[in-house]
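Structure record follows, encoded as structure tokens.
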Amino acid sequence: MKRLSVVVAGTGQIRDVEIQPGTTAGDILNQLALKDYLLSKGPNDPFLAAAESVYDKVNDGEKIFASTKAEVGLRACA
Amino acid sequence: MRIKLITSRPAPASVRDLLSRMVRGRGPTEPVQRREIPYWQERGWNQSGNTYNGTYQTRYAAFWGEIIEHSATDIDFFLYQPSDEIRRCGHWACFQHRGSDWYLVHMGRRPKDVSSGMLAIERLITEAYES
């Protein structure tokens, strides 16, 4: 088991969770009822895909961010 | 053999501290309260009305920014003096010049809060420097 602190970026609210091996980003977001959010370790790291296992990518006690989906110029520019 | 004490001096602070701990034992732990504040505030931005000012910060560079929150779903993100790395990245077309080296960053998928948009722009800056 690993403990994680999920920071909801917009409010700063911190939700503490415990995860087991194989827990995905989608599992965490569902558990916390954070619909339309994405998880990331911060601005220097990419978003974690919903089906991606989080367990291997975080350390025990680490803080990760949940932010609403946002992308620079996806439709108009990319 | 008799010893004559000529002078004395205090032990170094580190030694005194170590001895003091050995005598007293470990003191009680003091819990530190964690702050629950929005990301924009954690990053040191300031808010005045519906306008936020601060810097988009990444491990590579920081850029002065301004965010205007017209409504919960209508938020404009501005960035000042984008670097050559940003100008060369694939998203440069998403930057609209608004005069005096300020650029409006066009959001294809609009964030629902200021902090999420900031994270998106900081991620774009990181990608620009890593690509």
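List the relative contact order of chain A as a percent without decimals, with contacts defined as Cα pairs under 8 Å and 6+ residues apart. It would help to have the intermediate numbers written out before the result.
On the way: 129 pairs, mean separation 29.1, N = 78.
RCO, chain A: 37 percent.
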Helix B:114-130 axis, angle to chain B major axis (alpha carbon atoms, nearest 10°): 90
So the angle from the long Cα axis of helix B:13-24 to the longest Cα principal axis of chain B, reported in degrees to the nearest 10, equals 80
For each pair in A:Lys2/A:Lys35; A:Lys41/A:Lys63; A:Lys69/B:Lys112; A:Lys35/A:Lys57; A:Lys2/A:Lys69; A:Lys57/B:Lys112, compute the distance between the two Cα atoms and list the pairs where it is over 19 Å. A:Lys2/A:Lys35; A:Lys35/A:Lys57; A:Lys2/A:Lys69; A:Lys57/B:Lys112
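At 0.692 mPa s and 37 °C, plugging the Kirkwood radius over alpha-carbon pairs of the protein assembly as shown into Stokes-Einstein gives what diffusion coefficient in µm²/s?
D, rounded to a whole number, is 165 µm²/s.
What does the extension gain come out to for A:Ala49 and A:Arg15, with contour length at 0.36 nm per residue minus their alpha carbon separation?
Using 0.36 nm per residue and subtracting the Cα-Cα distance, I get 10.3 nm.
Would you calculate the convex hull of the Cα atoms in region B:45-130 and tell me its volume per residue in Å³? Walk me through the numbers on the way to the answer.
Numbers: hull volume 7.6 nm³, N = 86.
Cα-based convex hull of region B:45-130, divided per residue, equals 88 Å³.
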Rounded to 5, the percent of DSSP beta bridges in the protein assembly as shown classed as antiparallel: 90
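Mean separation of Cα pairs under 8 Å and 6+ residues apart, divided by the residue count of chain B: what relative contact order is that in percent?
19
If you place +1 on the Cβ of every Lys and Arg and -1 on the Cβ of every Asp and Glu, how big does the dipole about the Cα centre of chain A come out, in debye to the nearest 20?
With only Lys, Arg, Asp and Glu charged at Cβ, the dipole is about 180 debye.
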If you take the charge dipole of the protein assembly as shown about its Cα centre, with +1 on Lys and Arg Cβ and -1 on Asp and Glu Cβ, which of B:Cys89, A:Ser67, A:Thr23 is farthest toward its positive end? A:Thr23
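Readers should treat all values here as calculations from the given coordinates under stated rules, not as data from a laboratory. No experiment lies behind these values; they were computed from the predicted model shown. Positions of Cβ are generated from backbone atoms using ideal geometry, with glycine treated the same way; all protein chains shown enter the neighbour counts.
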